[in-house]
Each structure stands twice: as C-alpha cells, then as structure tokens.
Amino acid sequence: MSDDMIFTSGGEAEREAAYADVRLALEQRNLALAADRCSRLLQDYPDDAAAHALMGDIYAARQLWADAEDWYRRAEELGAGPEISRRRAAAQAVRRERAEEPAEPSPYTDLHRQRTRLLAIFGGAVFVIIVAGIIALLAYSSGTRPTPRATSPTAAAPFVPAPPEPSAPGLAVTRPSPPAATAPGATSPAGVRPPATGVRGQPGAPPPVPRAPVVISRLMTVPTTDEDFIIAQAVGALTWPHGASMSGNVSVMMDPYQGYAMITFRIPDDLPGNNLADVVVEQAYKVINAAFAADAGLTMCTVRAIATITTADRRGHTLQVFRANASREALMEWARLIPNPTAKQIREQILATVWWNPSVPTDRLR
C-alpha cells in the first residue's frame, strides 16, 4: 500500500481518478482546467464513453450546446447509458430554442436610424430659428419697440471701476477689506444661512444610506438549493455506530443539471478510535445510499469526511480525512451482487478512488 493509502490499483483506478479530477474542476467552474484534463483522458482512452460524456458536460457548462450534443452523441455510440441520452436531448432542446429566438437588429440598421433621427431634429431646430427670425423682422419693421422694464427703487447701483493705483513711490493705497468668510453652519450678518455644500459630514448633506449587514454562517446545515436541503436532511437522519446523530454535521452541494453532488460530513470527536478507517468507510457507504434514495436525479457523487486532529503543538486542525466516489448505476449493481458488504469490500470494490489522509492516524483522531 502506498503512502497516500489509495485502495484501488491498476489502470482502472487511474481512470477513475482522472474522472474525479475532471468533475472537481467542473464543480469549481474551472472549465479550462476541466477541458485540459478531459483532453488528456481522451488521449489515453480514445474510446471511453464516460470521457466523451464529461467533455459534453464541459461544453454544456460553456453553453456551447451544439458541441455538447456532438460529444453526448459520441458517448452514446460508445455505449453510454440512458443518462447521457437524456443530457443530449436536453442540449438539443436548448440549442433549438436558442436557434428559434429572433435575431438581434443589425448595428448598421441602428446607426442609420440614429442618423436619420438626428437629421430630423436638426432640421426642425433650423426651421424654428428661421420662423422666429422672420417674426422678429416683421415686428421691427412695423415700428413696434419693446417696452422698457420699470427700474425698482432698490435696484443695485451700476458698477463703478476702482481708480487706478498711483505710480508715485511711497504713496500708500487703502483698499476695502473683503467680507469675512462665514463658517459652515453659521448665519451671515444679514441673518441668511449660506447654502449647504452637499459634502458628506457637512450641514445639509443627505444622511448615509444604511446597508444590510453581511451574515456569514458557520453551520454546515445551511443549504443553498432545494436539492441540497433534501439530501442533507436524509443524510442528517443517520447515526454513527456509537449513537451520535449526523444532523448538523452534513454539507451538500448538488448540481441538478449534471446529477452530481459533493457531500461532506464531519467525524464526531467522541467516536471510538478502534478501526477508525473501517467505521468511516462503512458510514460513507450509508451516506451514499441515503443520498441516492433521497434524490432520484442524483447519478454521481463524491463523499468526503472531515475531522479535527490535535498536532504536536496541541492545536486543533480540521483536515479532510476520507474521500471516495460512487455512481448510482455501479451502486445498484454491487447491491445486487453483495447485499451486505464488509468495510474491505466497500473500500476495494464498491467505491471508486477511495483515499485516506496519511497524516491522520487510523486508530484515533485526537
């Protein structure tokens, strides 16, 4: 057994590990990395139906539905199951729907319309100016003069320029001092408050708009979709061999389009340490069965177990302890062949790419 405790071996194990890497990149929406890994997988296994289906998932995530349909069709020709046929039909339906949508207007047509509209506005403005000029000319020629407005007694005096400064040396010139600046918020000598500046923190500025606080939850039980909630509720109803409930220690991320879910559960701190690896593997098998039973649209899943361990510095660290992959089709077939599997059979035959963290002891957590 190698240091990282990979329980599967041979070319099949490497292929399953490659599948898991592609699905993980898809889950993280790193489509370029997923396409690169899937291309390498197809180079090694050019007749692999699952690899062709994964490439179809990548193109579907990019919303390139015609390419996705082609990859799904190749996967069907290589013997893929009915799930791939369903994905191909969905991609074909979306492609047809996009094709039937009305085409967007040409930018050249919009530019022509805007130019015509501007010319019409400009022509109307010129016409109005010409008419106004003709009316003013007729009024002037008829001898009509505009009536001067009455001057108010309190009108301001005309502006008188200041006398020039004398050029003789030594002659002082006295200038009137400018009016003192009024402090913000204070009234002027005439009792009139100066206008508000509108700057934040100054008088007259609008009050700041309160924003909703950002709430960050540390609970693993907070789902994001209905599918997440359904699967998390089903898994949370399970119990550990020593009676502890899994409720509140389960996290689910379900992708309904691909039928794939990432399920994470926490190992209790008080779980007995004897045969810890076997206990976790058997519990993961229960989790996968509960998830498939809860959601009929789930076809593949990755199950992970996390735990808190104490290192030499006596500090607790949360690590990923266990990870494995499973599909509904394989699980049903193994359930028919091995109704009551042992931990070894689950680890070596039923689950794919089973991994145990080599830094976590198999006999204790803390």
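Where a number appears in this text, it was derived from the coordinates with a stated rule and is not lab data. Not measured: the values here are computed from a predicted model. For neighbour counting, all protein chains shown are included, and Cβ atoms are generated from backbone atoms with ideal geometry for every residue, glycine included.
Tabulated values for the structure
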read-out	value
Under-5 Å amide H pairs with L238, H placed in peptide plane, nonlocal only	M246
Stretch gain in nm, segment A93-T342, where the contour uses 0.36 nm per residue and the Cα spacing is subtracted	85.2 nm
Pairwise label distance in nanometres, V131 with E14, each label 7 Å out on the Cα-Cβ vector	8.6
Residue-span extension gain [A237 to Q349] - 0.36 nm each, minus C-alpha spacing	37.7 nm
Average projection area in nm² (convex hull over Cα atoms of segment 10-100, one quarter of hull surface)	5.6
Fraction of beta bridges assigned by DSSP in segment 226-356 that are antiparallel (%, nearest 5)	75
Residues whose placed amide H lies under 5 Å from that of R304, excluding near-sequence neighbours	I263, T264, F265
Whole-number percent relative contact order across segment 10-100, with pairs defined as alpha carbons under 8 Å at least 6 apart	21
For segment 10-100, with +1 on Lys and Arg beta carbons and -1 on Asp and Glu, the positive-most of P46, A13, G56 along the dipole	G56
Label-point separation, L119 to A335 (7 Å along Cα→Cβ), nm	7.4
